[in-house]
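To keep things clear, I will list the structure first and then write my remarks on it.
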Amino acid sequence: MIPGYMLMGYIFMFTALFGSVLALIQRDLMKSVILIGLEGLAVAFLFQTLRAPDVGITQAILGAALLPGIFAITVYKTRREEE
Amino acid sequence: MSLETLFQPMCFLTAAGLVVVGLYAVIFMDNLLKKIIGVTLISDGVNLVLITGGFNKIVAIISPEQAENGVTSVIYEGLKEYPEFAAQAAYPLPSALVLTSIVISVSIFAIMLAIAIKLYNHYNSMSCSVIFKEVDE
């Protein structure tokens, strides 16, 4: 019987890969920024399942909240559509 | 080969996939913001490789004879009394180093995005082909 945290880990691996591919094929850059936040959150939960909870907390704050924030500021200062 | 033993190799494969997708974005995407997104993907992949290498590694850094004798770690002698904990614990060195790496990478991305905004204000475009053409002329 597979433990529950490993099942969650497999789900988060799929989410990270699929979110990163989806973020790169968007034409609207704001959607791309939101999907990069989803990928950072999936990697944060994956750190948690790999028994490194301190790294998971830091990644959840910086990679899933602060980094999409400054990306969104950049999209707001420049243009939103990809030419 | 069950799903349980495949967990660590699948984590390595996920990290490799993130690095490959990020390299594709850095090399072939035209938009400057998507190139920076590719760099974040590479950074996440490298951090994931380091953390996955430390998963369940306290048992793996000793020889099999020592494991049969009940020694769980050469470095951590006190763990002999807690073999179940030592069989599950992760190696603590990569998590201590990756913590620094994440913080540094976020500040580097802030600088990269600031330079991207300056480039947009100067050339009035985020496309790399337009910027490089104007640089050549």
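Here B:Ala110, B:Ala87 are screened, and the one residue that is modelled with pLDDT of 90 or more and not in a loop (DSSP other than H, G, I, E, B) is B:Ala110. Among residues of the range B:4-16 that are surrounded by 14 or more Cβ atoms within 10 Å (Cβ to Cβ), those with a beta-carbon under 7 Å from a residue that is not in a helix (DSSP H, G or I) at least six positions away or on a different chain give the pairs B:Gln8/B:Phe55; B:Cys11/A:Leu50. Suppose we keep only residues that are more than 7 Å from chain A (Cβ to nearest Cβ) and small (Gly, Ala, Ser) within the range B:1-41. Which one would you say is nearest to A:Phe47 (Cα to Cα)? Ranking the qualifying residues of the range B:1-41, first place goes to B:Ala15. Which condition breaks for A:Ile11 when tested against (1) facing another protein chain (nearest Cβ under 9 Å); (2) surrounded by fewer than 17 Cβ atoms within 10 Å (Cβ to Cβ); (3) over 26 Å from B:Asn121 (Cα atoms)? Checking A:Ile11 against (1) facing another protein chain (nearest Cβ under 9 Å); (2) surrounded by fewer than 17 Cβ atoms within 10 Å (Cβ to Cβ); (3) over 26 Å from B:Asn121 (Cα atoms), the one that fails is (1). The single condition among (1) of a type outside the set (Gly, Ala, Ser); (2) in contact with a strand residue (DSSP E or B) (Cβ under 7 Å, 6 or more places away or on another chain); (3) without any contact (Cβ under 8 Å) to a residue 24 or more places away in the chain that A:Phe47 does not meet is (2). For the range B:103-119, a residue qualifies if it is facing another protein chain (nearest Cβ under 8 Å) and touching a residue at least 60 places away in the same chain (Cβ under 8 Å), and the qualifying residues are B:Phe109, B:Leu113, B:Ala116. Restricting attention to the range A:36-55, which residues are within 9 Å of another protein chain (Cβ to nearest Cβ) and surrounded by fewer than 20 Cβ atoms within 10 Å (Cβ to Cβ)? Passing the criteria: A:Arg51, A:Pro53, A:Asp54.
The values are calculated or read from the model by the stated rules, or taken from the named source; none is laboratory data. Keep in mind it's a predicted model, so treat the numbers as computed, not measured. FYI the Cβ positions are ideal-geometry reconstructions off the backbone, even for glycines, and counts take in every protein chain you see.
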